[in-house]
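The structure appears right after this line, and notes come after that.
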Amino acid sequence: MARIEGVDLPKNKRIKIGLTYIYGVGISRSTNILYMTKIDENIKVKDLDDTQIISIRNILSNNYDLEGDLRRSETINIKRLMEIGCYRGRRHRVNLPLRGQRTRTNARTGRGTKKTIAGKKKAPRK
């Protein structure tokens, strides 16, 4: 089993998909890494040599922020937005959507469960 950046890659998946289990690596970055290391993307993770694993590990550690470092930098950026009091920071603080989505309906995760208003009746149909 290949262990890269503290993540165990699934043995029976192709290496192109297996690399996406690392936080910060998606399909396109995975494809670029395999192109740079000249590894076929259809090889399963269990069929990799030690030299191939080491070359993947070297490229990931030298070129990209991954796993803990990436998570830490994301939280620092969000805290910075909240401290300076910008629109996005205020929306983060009250746990509401911040990219322009509507909140009159939907956005239930941020606003909590529905609260029924007593005495509010629907308009009669004619």
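The values are calculated or read from the model by the stated rules, or taken from the named source; none is laboratory data. From a predicted model like this one, the values you see are computed outputs, not experimental measurements. Here the Cβ is made from the backbone with ideal geometry for all residues, glycine too, and neighbour counts use every protein chain on show. Heads up: the accessible areas ignore ligands, DNA and RNA and are worked out on the full protein's heavy atoms, side chains in. Shrake-Rupley method; radii C 1.70, N 1.55, O 1.52, S 1.80 Å.
So is T105 at pLDDT below 85, open to solvent by 100 Å² or more (accessible area, probe 1.4 Å) and on the phi < 0 side of the Ramachandran plot or not? Spell out the reasoning first.
Details: at pLDDT below 85: yes; open to solvent by 100 Å² or more (accessible area, probe 1.4 Å): no; on the phi < 0 side of the Ramachandran plot: yes.
No.
Take the residues of segment 37-95 that are open to solvent by 90 Å² or more (accessible area, probe 1.4 Å) and among the hydrophobic types (A, V, I, L, M, F, W, C): which is farthest from V25 (Cα to Cα)?
Step by step, filter segment 37-95, then rank; the result is I84.
Just wondering, is there one or more residues in segment 111-120 that are part of a helix (DSSP H, G or I), out of contact with any helix residue (DSSP H, G or I) (no Cβ under 6 Å at 6 or more places or on another chain) and open to solvent by less than 100 Å² (accessible area, probe 1.4 Å)? Even if it seems obvious, please write down each step before you answer.
Step one: of segment 111-120, the residues part of a helix (DSSP H, G or I) are 111.
After this cut, where a residue has to be out of contact with any helix residue (DSSP H, G or I) (no Cβ under 6 Å at 6 or more places or on another chain) as well, the list is 111.
Still in the list and also open to solvent by less than 100 Å² (accessible area, probe 1.4 Å): 111.
Looking for residues that are part of a helix (DSSP H, G or I), out of contact with any helix residue (DSSP H, G or I) (no Cβ under 6 Å at 6 or more places or on another chain) and open to solvent by less than 100 Å² (accessible area, probe 1.4 Å), one finds at least one in segment 111-120, hence yes.
Could you grab me the full set of residues in segment 1-36 that are aliphatic (A, V, I, L, M), exposed (fewer than 15 other Cβ atoms within 10 Å of the Cβ) and assigned to a loop (DSSP other than H, G, I, E, B)? Step through it out loud before you land on a result.
Let us first name the residues in segment 1-36 that are aliphatic (A, V, I, L, M), namely 1-2, 4, 7, 9, 15, 17, 19, 22, 25, 27, 33-34, 36.
If we keep only those that are exposed (fewer than 15 other Cβ atoms within 10 Å of the Cβ) as well, we get 1, 27, 36.
Selection gives M1 alone.
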